[in-house]
Amino acid sequence: MRMPPFRVLSPKSLDEALTMSRELSESGEEFDWVAGGTDLLPNYKWHINVKGHVISLSCIAELREISEESIGAMVSINELAEHESTHPVLAKAADSIASVMIRRSGTVGGNICLDTRCYWINQSETWRESIDWCHKCDCGTGADCRVIPNQNTLCVATYQADLAPVLMCLGATIHLASPKGKRSMPLCDFFKLDGMTRNVLELGEMVTHITLPEDASDWSGDYQKLRQRESWDFPEAGVAVLWKGDEGYGPSSLRVATTGLESIPSLHSEEAEGALENWSGVETVEILSESIRKAVKPVQNTWFSPSYRRKMVKVLTKRACRELLVS
Amino acid sequence: MSEKEDAPKEIVGYRQQPGKLPFSRPGSGGKGKFSEATDQEMIPESQGGKLAQEWGPHRHDELISGRVIGKSTSLVDSSWKVTGQAHYGDDVRLPGELIGRIVRSPHHYARVLSIDCTKALELPGVVAIATGDDAKNKFGVLPVTKDEHAMAVEKVRHAGDLVACVAAIDEATAREAERLIQVEYELIDPIHDMRKGLEDSEEPIHDRGDYHIGESNVQKRVFQEFGDIEGMIENSVASHKKNWIFAGVNHAFTEPHAVVAHWDPTGRLTLYTPQQVPHYVHRALADVLEIPMHQINVHRTFVGGGFGGKSDPFPHEMCAAILARKSGKPVRITFDREEVYWVNRGRHPSRIEMNLHADDEGRICGIETDALIDGGAFASFGHVTTYYNGVLHTAPYEIGAFHYTGARVWTNKPASGAMRGHGAVNSRCAVEVGLDDLAEKLSVDPISLRLANLLPPHSATITGFRVTSIGMRECLERVREESGWNKKFRKLPLGKGIGIGCGFFISGSGLPIHWDPNKFPHATVHLKIDMDGGVTIHTGAADIGQGSDTVVAQSVAEVLGLPLDMIRVKSRDSDTSPVDLGSYSSRVTFMNANAAISAAMQIREELLDATVEITGAERSGLVIGDRRIFLKEDPAVGVSYLEALHKSQEDRGALVASGAYRTPPMGKMHKGAAAGLAPAYSFSAYVTEVSVDVETGQIKVDKVWAAHDCGKALNPLAVKGQIIGSCHMGMGQVLSEEMRYGRSGNLMNPDLLDYKIPSIHEMPEVIPIIVESNDPEGPFGAKEAGEGPLLPILPSVCNAVYDAIGIRTSELPMSPEKVHKMIEKRCRMEGVSDPNNLTSPSLQHSSLQGVLENRAKEHGKRDKDRRLDEGRSDYHNGALFGLDPTIPPDEVDPRWSVRVTPEEEYLESPRLAGSAWKHTERRHAEGQE
C-alpha cells in the first residue's frame, strides 16, 4: 500500500488555514482537510479520490477546545469519551468507536465528516478496476452504481459514524468556516442526502466546532450499536434515544436518531412525536421501535444484510429505551 | 631494569605451551560455574526418578537428564522478536535492491492475447519486466499436480492471477510501470459456483491431457467404502443427516508474503523468503529457472505466521528470481494485504453432506460423508485435501461402516490449499455436530456416547491407519470433570449453553511426497560441537513461530545435559541445513526432534566412552546431568562435560553427528491408503460455554476447557500457546471469518477490516488441559500440538449454541444474521412471538444411557490394560461389532470388503461430490471413439 504523493500544509491558526484554502481554490488546486487521518489516509492508500494537497488541522490550537457547551473539531474522540463534561450518552458513543488507537487519533470533526462507505468503493484500485469502477469512487468514468445497478445518479454508500445521532438528539449546532465566512446550523441540517456529497460543506469549507444547547444535560438516554466485533468495526446500525422530563408519566420530550443505515444519519422526529402523544410505556416503545425499523432503508453494501440491519434497528431502539421504562 | 623484573613471569597468549590452558571445572561450559544437582522430579520412574509414569516407560527415558524437557521454556528466538531485531521477509535489505511489483489480472478468466511493455520500459527507473514467456515450466507443491506458472502462460484463471512483473528503482516507479503495462485479454466465461465445476465445460480451467476427468473441472475425486455398508442402514435406530456449507477462510497471518532474490557474482541464487517449506521452493526454483539445485540457496527468514499459507512454492518467488536475473540486481517484492488474499491457499469452501447412523446399542454403525471442495484456480495441496476431508474422521471412534465420496473442483477463484487442520476441520465439525444430534435422538449424554465408542490404544482404524497412543478418553473425562458438565448440560437457562467437540489429527504425514520413505528419511539433523562446548544444530525444519528451533534445541540439550544457551540452531539456509520437508502436517516435533535425538545419542555415546576412559568407571552406571557425566550410584565419580568433550576430540577435532528419522512401514494397500497415514495421531476434546443473545443472534463464547493429547508436552508453555491460538483461529471460522464472494465473483473483503478475525473482546477464557499419552515412537513420547487443537472448537461452539437456544446451524460462519434467522424460524414453528419465551433443550436419559456408561467403564479398563501391556494383541476396528479384533475384517468378512471405485448402481443417484464419478477419464474414454 502506498499513497500517491501529495503536499501537506500545516497552518498554525484558523485564519491561516482559511487563507491557504482560498489560495488553493483560486489557483484551481484540489485539496482535502485532514484531522486525525484515520479515515482519509486509508482511503488515500486505496487511491480513493486522492487530492494533490492536504491541509492538516493538527496545529490549530483553537480547534482543540472542549467544554460542556462547545466541542472543537480537533478534539480527539478519546478525549471526548474521557472528558468530565461530556454528556454520558455522547461519551458512550465515543467510547464505542473503532479501537482505542484509532480513538486517540480520530477527531470529533473527522467523525462527523466521515466519508461514506461501501463494499464496492473501499477497495484497492486494482480491485475497483476489476469491477469496472463504481459510481462513487471514480467519478467521471461514467461507471454505474454497483449496489443498485442501472442508475448513475445517486450514490448509496453508507454513513457509518457514531457521534452524529447522539449529537442530533442533543440538539447540537455545527459551526463551519470558509474563506467566504462563517456559518452555523442545526446538525440535522448539516447532512445532505447522497453518499457522494454527504453534507453541506462547500469547497474549501470546514467544521470548526459543535455547540450543545444549555439544556443538554437535562436529557438522558442511550446509544446502541450493531456490529460483528466489539472492536474496530464500523456500526452496521446505531440508534440514539434521548428523553427529558420523565417523572413517572413518561417523557415530556423524546428524540430518536439512527446511523449506519443510509447515506446520512437521520433524526426521526415524526416517529418520536407520535410516541409521545399516546405514551403508554412498553407498548409505545414497541410501536416506536417498529416505526423506526420502517423508517430506515439500508442497502446491501456493508457486512450485514439490509433485512437483518432493519430488524436489529428495532431491537436496538427497544434496548435504548430500556432505562426509560425502568424509571 | 627494575620495571622488567616486576613483569609477570608467566608467559601469556599464544606463546603459552599448547594444552596447558586451564579449563575451569567442574561445571565448566555454561554460564553457571557449578553444575546443578539433577532434579529427581524430572527423572522418570523407570530410571529411578520421581516422575510418575502412569502410561508406562518410554524408549527415550534413559536419555532424560532433567534439564529442559517438560519445562515451560520461552522460545529460543523470542528475544529477537520482542526486541524487534528479527528479520522477516520484508526486512531484508541488500545493497542496490530493486522493488518488484506484480501486474495482476482484473478478470476472473481470460486468454492473454498480448502484453505491451513498451511504455513501461520507457519509464525512467524501470529496470526489468518479465512475463509468462520468461518462464514456461510448471511447478506446484505436489509433484503429481504441477499446474502453476510464474506468470500467466496463455490464460489467467482468477482475478488477481499474475500476468507480468516489473522491477524498478523504487516502489513508486514500479507501481507507475505496473499501470503502463498494457494487457489485451479475451474473456472466457468464468465458474464461481463449485457445483458448476462438476459439470462438463467448454473450457476447463486446466487441461490435464489424458488424465483429465471428462471435460469437467474436477481436479481430484475419491470414492471409498469400508465396513458393513449394507448393514449400516438396516441396523440403525437413529440417523443424522445434514448438508453443510462452509465458507472459505484465510490464514490471515500478520506478515504478508515478501521475498528477496539475489544472484551473487558467482552466479548462484539466494532467495530470502518467509517459507514453511524451503525445500519445495528449492525444487520449484530449479525447475522454473532451469538451473541445478546446487546453484540455489533458499534462505528462510523469520516467518510472521504461516498456518499453511506459506507452504506452497509461490509464483511471486519465481518472479523475484526472474527479475533479479534479468536486472542483475537484488529484487524485493512485498505483498499488499489483498495480494495475500489473491494468493490465498486458505481452507477450501466446502459443501459437505454428513450422515451418521447409530444402532440399538449406541454404536456408530455408519458414517457417510460426501464432500465437494472448492479448490479455486490451482491444485496446491488439494489432492491431499480431498482425501483428508474423508479419511481424517475415521477415528477416534470405532465405526461399523464408512462411505466417503469427495471431489475437488477448479473454479475461477484464488486457490485454496492447506490451512491449520488441513482438510479435517470442516468434516470434523460436521461429524461432531452429528454425534451431538445422535445423542439427542437416542436421549443419551453426548460425552457418554463418545466414551462408549472409542478405539483402544494400539489399534487400527477402519481405513487401516495404525494408531498408537490414544489419550482421547482422558481428554473427555477431564473436560467433563473440570467444566462441571454434568451440572450444566441441558440444564442452563435459555441463551446459555455448553457443548462438546472432539478432534483427531495426524502427527506428521507418513509419505514424504517427493521420495520413497523406505529409501530416504523424512528429517535429518546435524550436530557439531567444538572446543567451546556449544552445540551447533543444523536443521532444515522451518520455524514459523510454532517453536521448531526451540524443540530441536530442547531435545539436544536434554540428551547432552546442557543448558539451552549452549545450543545454537542454524535452520535458515539450504546451503548448510540438511533437507527437511518443512513445517506442514504437524510433522516437525515428531520427526525432527526424533532425528535430533538420534544425532545427540551418537554424541552422547562418545562422551560416555570418554568418561569411561578418564575415570575407569563402569559404563552402564553412568548418567548425564547438568554439564557433568557421573556414576549414578556415586556421583563423586565423574567428569565435567567439557573434560569428556575434549577427551573425545583428541586426534580428531570437532564432534559431528547426523541423525535421521523415517516412519515405520504402515497402512493398507488400497488406492489412497497413504493419505492420512501418520506415525502417531493427536486427540483432543473441548467443552465450550456460550451466551447467545436471542434477540440479535449474537454469540459470545464465554469459556473453553480445552484438553489436548500431545503425547508429552516437551514445552508446556508452547503447547498451551498452540491450544489458545487454535481456539482463536477456530472461533474465527465458526463465528465470523469468511472469504465472501460478491455477485460479480469478486472477493468482497480482501482486507483485515472486513475479514472478521475475532478481536480480544471476542476471545474467551481458555483453560488448556494437557494430556500426555506417552507415544512410544514420539520424541520423549511427544506428538503434535499445532493443528489438532483447532478441530474441536468449531463443533463445541455449534453444540453449545444448540444447548443454549435449540438451533443447529448447517452453515459456517454462524454469523449473528444466520443465527437470528434460525431463531425466527424456531419461533414461527413453535408459535412463539418473543424469542425470550423459547424453551431451551432438555434431556431425559433413556435406558441406553446406562448401557453406554457400563461400556465406557469396561472400555476404560480395556484401554488401560492395552496401553501398559507390551505383549498386547492386535485390535482392528470392527471388534465392537462382534468381529475378531486380531484380523483386519476385510480379510475375513466379504461384507467388509474395501471399495475404491463406485459401482454402476451408485452412479444412478450419486451424491453431490460423488457425481464427479459420472465422468470418464479421457485416457479411458478414448477407446470408445
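Spin-label model, A:E286 to B:E361: label points 7 Å out along the Cα-to-beta-carbon direction sit 5.6 nm apart.
Taking a straight Cα-Cα cut-off under 13 Å and skipping sequence neighbours fewer than 8 places away in the same chain, the aspartates and glutamates within cross-link reach of B:K491 are B:D445, B:E689, B:D803. When each full DSSP H helix of chain B is screened for a Cα extent of at least 20 Å along its own axis and an average Kyte-Doolittle hydropathy of at least -0.5, the helices passing are B:425-442, B:593-615, B:716-735. A crude spin-label estimate for the pair B:E230 and B:D200, with each label 7 Å from Cα along the Cβ direction, gives 3.5 nm.
Mind checking which of B:A718, B:P776, B:G732 is farthest towards the positive end of the range B:711-791's charge dipole, using Cβ charges of +1 (Lys, Arg) and -1 (Asp, Glu) about the Cα centre? Of the options given, the answer is B:G732. Here B:M293, B:M669, B:M42 are placed in order of increasing Cβ neighbour count within 10 Å, fewest first, which gives B:M669, B:M293, B:M42. Full extension of the segment from B:K136 to B:N837, taken as 0.36 nm per residue of separation minus the current Cα-Cα distance, would add 245.8 nm. Separation of the range B:834-908 and the range B:167-244, taken as the distance between their Cα centroids, equals 34 angstrom. Positive contributions from Lys and Arg (+1) and negative ones from Asp and Glu (-1), summed over other residues with Cβ under 11 Å from the Cβ of B:A110, come out at -3.
Take each peptide in B:831-838, B:406-413, count the other Cβ atoms within 10 Å of every residue, and average; sorted highest first, the result is B:406-413, B:831-838. Once you reduce the range B:283-360 and the range B:375-406 to the center of their Cα atoms, the two points are 23 Å from each other.
Residue by residue along B:749-759, Cβ atoms of other protein chains within 10 Å of the local Cβ number 5 on average. Counted by Cβ distance under 13 Å from B:S744, the other residues give a net charge of +2, where Lys and Arg count +1 and Asp and Glu count -1. Compared with the alpha-carbon gap, the fully stretched path from B:E36 to B:S658 is longer by 221.0 nm at 0.36 nm per residue. For peptide B:174-185, the mean count of partner chain Cβ atoms within 10 Å of a residue's Cβ comes to 1.
Among the GluC sites (Glu not before Pro) in the range B:580-665, those located in a DSSP loop and surrounded by at most 14 other Cβ atoms within 10 Å of their own Cβ are B:E618, B:E633, B:E650. When B:K519, B:K488 are sorted by how many other C-beta atoms sit within 10 angstrom of their C-beta, beginning with the fewest, the order is B:K519, B:K488. Say a paramagnetic label sat at a point 7 Å from the Cα of B:W515, along Cα to Cβ; which residues of the range B:656-698 have their backbone N under 14 Å from it? Inside the label zone: B:659-663. Calculated FRET efficiency, B:S46 to B:L753, Cβ-Cβ distance, R0 = 60 Å: about 0.65 to the nearest 0.05.
Here the spin labels are modelled as points 7 Å beyond Cα on the Cα-Cβ line, and at B:E765 and B:E481 they lie 2.0 nm apart. Restricting attention to chain B, close to 75% of DSSP beta bridges with both partner residues there are antiparallel. Legend: ranking of residues B:D374, B:D573, B:D516, B:D200 from fewest to most surrounding C-beta atoms inside 10 Å; resulting order B:D516, B:D200, B:D573, B:D374.
Given R0 = 25 Å, the distance between the Cβ atoms of B:D530 and B:R619 translates into a calculated FRET efficiency of 0.50. The lysine pair tally for the range A:161-305, using Cα distances under 24 Å and a gap of 8 or more places or different chains, is 8. Computed on chain A, with alpha-carbon pairs under 8 angstrom and 6+ residues apart, the relative contact order is 15 percent.
For the range B:120-137, the Karplus equation 6.51 cos²θ - 1.76 cosθ + 1.60, evaluated at θ = phi - 60°, returns couplings of 5, 5, 6, 5, x, x, 7, 9, 8, 9, 10, 10, x, 5, 6, 7, 9, 6 Hz by residue, with Gly and Pro reported as x. Between B:R922 and B:I887, the FRET efficiency estimated from the beta carbon spacing at R0 = 41 angstrom works out to 0.50. Debye calculation, C-alpha points only, no solvent: report log10 I(q)/I(0) for the range B:260-355 at q = 0.25 Å⁻¹, in the same order as the q values. After summing over all Cα pairs, the log10 values are -1.39.
So which of A:K51/A:K92; B:K671/B:K918; B:K487/B:K700; B:K487/B:K783; B:K700/B:K821 end up more than 23 Å apart by C-alpha? Check vs 23 Å cut-off fails for A:K51/A:K92; B:K487/B:K783.
Counted over the protein assembly as shown, the DSSP beta bridges are approximately 80% antiparallel.
Our helix-only sum for chain B, with -39,500 (n - 2.57) per DSSP H run of n ≥ 4 divided by its residues, gives a mean residue ellipticity at 222 nm of -7500 deg cm²/dmol. The relative contact order of the range A:226-326, computed from alpha carbon pairs under 8 Å that lie at least 6 residues apart in sequence, is 27 percent.
For the pair the range A:310-327 / the range B:571-648, the C-alpha centres are spaced 69 Å from each other.
Read-outs throughout are calculated quantities, based only on the coordinates presented, and are distinct from any laboratory measurement. Remember, predicted model here, so these are calculated numbers, not experimental data. Cβ atoms come from the backbone with ideal geometry, glycine included; neighbour counts cover every protein chain shown.
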